[in-house]
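Have a look at the structure below before the remarks.
Please treat every number below as a calculation from the coordinates, not as lab data. Predicted, not measured: the structure shown is a model, and the values here were computed from it. When we count neighbours, we look across all protein chains shown, and the Cβ atoms used for this are built from the backbone with ideal geometry, even at glycine.
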Amino acid sequence: MAVICFLFVAAIVYYNVPIPEEDRREHSGLPTDKLDHSQHKHLARVDETIPVLTEVGCAANVPCQYPDEVDLRIIVIVYNRPESLTRCLHSLMGLHMDGDRAALEIWLDRGKTGVIHEATLKAAEEFVWDVGPVRVHQQPAHVGIYGQWIDTWRPQSGSNERAIFLEDDVDLSPYAYRWLKAAQTHFEEKEKIAGYALFEGAIVNQKNPSDVVFLHKRFGTQGFAPQPQHWRSFQEWYHQVSADPQFHPYVQDDATITGWYKGFEKSHKTGGMWSIWFIRYADDNQLWTVYPNMAQYEKAQNLKKTVNGAFLAYHRQEKGLHFGGDGRSATGKIISHWENYFTEFPRDTPKYGYNGKRLS
């Protein structure tokens, strides 16, 4: 069976793409003190049925709560990869909402000098979505991967609004929301769920389970949909405990992740590994992440391999801190048509621990 690895550490990749000197001159951007920090541009509507969103003015490192509420809010986070962002946004065209409402929030971080990458900003502002309205946000200051993930969506109290987080090098299947909505209906009445990882190719040094869907102690960042109220609680917990310099988010039973984080502590690079904080929160609260294993559905149905693709989301691994070369193509990887058996969930869903061993 194929080996897959938890790519949560790769969540830091897009922040570490060096900008060549000639690109700095061509796309120099503006320093922080010359920009309106509250500027949140929204784009032209495709037609009159798509509303214009109200502008929001969210502060850096403070969870951003939107004034409107939709069924699905997609959060795309990016720094300085315009071509990758364009591919990500293109994958959102034609997303099947089945009558529900969606909104898209594109968040651009600044460099440590306070500069926005203009080519990336241009790519974001030129995108027009055929599914719903779009807002483009420029972070008021450099917030890094922590601020881009933790503080760009705060669901309203008691809200059922769903969110999918995408980094710019993750593409989404047009059927991702259909599966997510069905999975939430099925699992949240039965289990304590932290969220839903749409890219199952994400488990460190472990073999791909043969189950069509499974629960895991770790979550994956490549297309993650957190459970709304747990995400609110996580934000509150994180901002409280992270203020204590003596607190370390070690996960006792997860030697691999904790070992990596301790290594980053020694090299003073913990700013690139936000994900261990959510893993620790989920561990403290005994929460599980739901993973689809779409490739196994065909085997379960005794079907021959098709060219339909096998993923609800796919990580292209664009060049950055942890990946070299030119990345990889998502062509043929994304599920491109729907089968009703994709949401035929088993009565008893297997659970896997941090070491990859089946627990139940």
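I want the local charge near HIS239. Using Cβ-Cβ distances under 15 Å, sum +1 for each Lys or Arg and -1 for each Asp or Glu among the other residues.
0
So if I take the centroid of the Cα atoms in segment 92-132 and the same for segment 216-258, what is the distance between those two points in Å?
The distance from the Cα centre of segment 92-132 to that of segment 216-258 comes to 26 Å.
Around HIS230, with a cut-off of 14 angstrom between Cβ atoms, what is the net charge of the other residues, counting Lys and Arg +1 and Asp and Glu -1?
Result for the neighbourhood of HIS230: -1.
Starting from 0.36 nm per residue, how many nanometres of slack lie between LYS269 and HIS337 once their C-alpha separation is accounted for?
Result: 20.3 nm gained on full extension.
How large is the translational diffusion coefficient of segment 224-279 in µm² per second when you combine the Kirkwood radius over alpha carbon pairs with Stokes-Einstein at 4 °C and 1.567 mPa s?
106 µm²/s
Net charge near CYS58, counting Lys/Arg +1 and Asp/Glu -1 over other residues with Cβ under 12 Å of its Cβ?
-1
How big is segment 60-120 in terms of Cα radius of gyration and Dmax, in angstroms?
When restricted to Cα atoms, segment 60-120 yields Rg and Dmax of 13.9, 43 Å.
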